[in-house]
1. If we only count strands (runs of 3 or more DSSP E) wholly inside region 305-375, which ones have 1 or more residues that are in the same structural domain as Ile226 (by TED's automatic domain parsing) and within 16 Å of the ligand (Cβ to nearest atom)?
2. Check region 140-156 and report whether any residue there is assigned by TED's automatic domain parsing to the domain that holds Tyr80, closer than 26 Å to Glu52 by Cα and within 26 Å of the chain's Cα centre (by Cα).
3. How about region 224-275: which of its residues are closer than 23 Å to Leu306 by Cα, over 19 Å from the mean Cα position of the chain (by Cα) and of a type in the set (Gly, Ala, Ser)?
4. Going by the conditions given, is Arg288 among the basic types (Lys, Arg), surrounded by fewer than 17 Cβ atoms within 10 Å (Cβ to Cβ), more than 16 Å from the ligand (Cβ to nearest atom) and in the same structural domain as Pro411 (by TED's automatic domain parsing)?
5. Which numbered condition trips up Trp140, out of (1) under 19 Å from Phe66 (Cα atoms); (2) touching a Leu at 6+ places or on another chain (Cβ under 9 Å); (3) aromatic (Phe, Trp, Tyr)?
6. When you check Ser277 against the structure, is it closer than 21 Å to Ile352 by Cβ, within 16 Å of the ligand (Cβ to nearest atom) and either of a type in the set (Phe, Trp, Tyr) or not in a helix (DSSP H, G or I) (or both), yes or no?
7. Considering each residue of region 366-392, count those that are under 30 Å from the mean Cα position of the chain (by Cα) and surrounded by 16 or more Cβ atoms within 10 Å (Cβ to Cβ), and give that number.
8. Return yes when Thr395 is more than 30 Å from the chain's Cα centre (by Cα), surrounded by 16 or more Cβ atoms within 10 Å (Cβ to Cβ) and either over 21 Å from Leu223 (Cα atoms) or within 16 Å of the ligand (Cβ to nearest atom) (or both) and no when it is not.
Amino acid sequence: MKVFALFLMTSGIGMAQVDWELPFSIQGQGKVTERSHPQFPGHFHEIDCRLEMKVDLARQSAKLTFSYREADRWVPQTYYFRAGHIYQVDEDGKATPASSFGDLELPAMAILHPKLLDLDKLMNPQNHSSVGVVTQNSLWRKTGDGKTFERAVFSDVHGDGLETLTHNGNAVMVTREDSRLFQMSFEAPRACETFSMPESFHEIEAKSISKSEIALKDVGEGLYLIDLVRLNTRVFVVEFDSFLVVYEGAYSSQNVQLIAEKLETELKKPVKYFAFSHLHDQYIAGIRTWVERGATILAPESTKPLIEKVVNAAFSLNPDALAANPKPLNILVVDRNFPIEDAEQKLVFWNIDSQHTKDYLIFHLPRQKVVGSGDLLFYRPGQALKGRSLKFCETLSTLELDVETVYATWPLSGYGTKNVVEREELGGYIKTKSDDGLAE
Ligand SMILES: [Zn+2]
């Protein structure tokens, strides 16, 4: 059986401590109030409650299962915390906006335990400062020794109010106008097995991935695919004798940093060139990572100013590797095409007319007869191509590229399209010289 956590003994005290890189759980017991239906002014219900909190800092995710006592049973209420959002799910497993747990509202839930505060900071570092924290549409100001937080609250009936949350050792207390609405004492963190998060919230989530989501798929002859399933996008790697070429970014420097580390450990060759299909954020993200690692950026003249701006931008609110270690930008302009070749491998980037963006780079591996197409080919079996897909096939025909397989960057799923398309599926859309009766 796999060991999921290392228990390290802290010197002298003998207290078990978990490895924060791995999932851990924390149990809590306490009381929550419910003030919506008082029997007389100032009356409220106070209910026993429990919490099982599972946190995975590496995946930037947490699952909070609160339970409240009702007659002789415990009724669970589950919350998910990812990418800065707290949400719940309905019976179909679909994400729904979260409601309060009794009088405990989401802004307090988000910082209920110091480890949740750490998690919130990982997800949105720009919202944390020495002065306070912004989370779940609320501003918490730090007071005193930094363990107490205050936020302004407003009731349409009762007017202005103040909520206070205090971490005190292994306990937390939340009050409003000096009246306690939540208190809980926590047990020591324990290692736990990895836990699943609902899949239905992707559209509004920040596009961040963890190490475990990156797999290098070897499709042979030096071509590797990194399918980032949750982000619905793909990164391509082409291996040469002494270096690698990467095509496409993946939303953020942090994501691409993980990809870079994966390539370093698995392929053990430096990335010499990075190229992206077009200037939309998803694809150019990562330029900074590759610049920091000494790669040359291949790009059309028209995107040069944009790349310079991205490389020179301040990244103090969420520092990446380049912010910590500034490096000069090396850029090579791809006018019409750019071949890269050694004894075993050949790769050509083509700058094409795409009907999508002014300039657009695709790549061609003539030996493998493979083309990487970015987001230009939307092939749905049995349906005619149109728009930019049609234009793309016309371009392949005009350039007379020898192609058997076309790989898309985006989308990998969800639009009824295929992300790997064989030439024969494209029927007559790609014409070659021999189709015209011309000699090769
Ligand atoms: Zn696009």
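The values are calculated or read from the model by the stated rules, or taken from the named source; none is laboratory data. Please read these numbers as outputs of a predicted model, since none were measured by experiment. Backbone-built Cβ (ideal geometry, glycine too); neighbour counts: all protein chains shown.
1. 346-351, 361-365, 370-372
2. Yes: region 140-156 contains one or more residues that are assigned by TED's automatic domain parsing to the domain that holds Tyr80, closer than 26 Å to Glu52 by Cα and within 26 Å of the chain's Cα centre (by Cα).
3. Matches in region 224-275: Ala275 only.
4. no
5. Result: Trp140 fails condition (1) only.
6. Judged against the criteria, Ser277 is a match.
7. Here the count works out to 13.
8. Numbers: more than 30 Å from the chain's Cα centre (by Cα): yes; surrounded by 16 or more Cβ atoms within 10 Å (Cβ to Cβ): yes; either over 21 Å from Leu223 (Cα atoms) or within 16 Å of the ligand (Cβ to nearest atom) (or both): yes.
Against the criterion (more than 30 Å from the chain's Cα centre (by Cα), surrounded by 16 or more Cβ atoms within 10 Å (Cβ to Cβ) and either over 21 Å from Leu223 (Cα atoms) or within 16 Å of the ligand (Cβ to nearest atom) (or both)), Thr395 qualifies.
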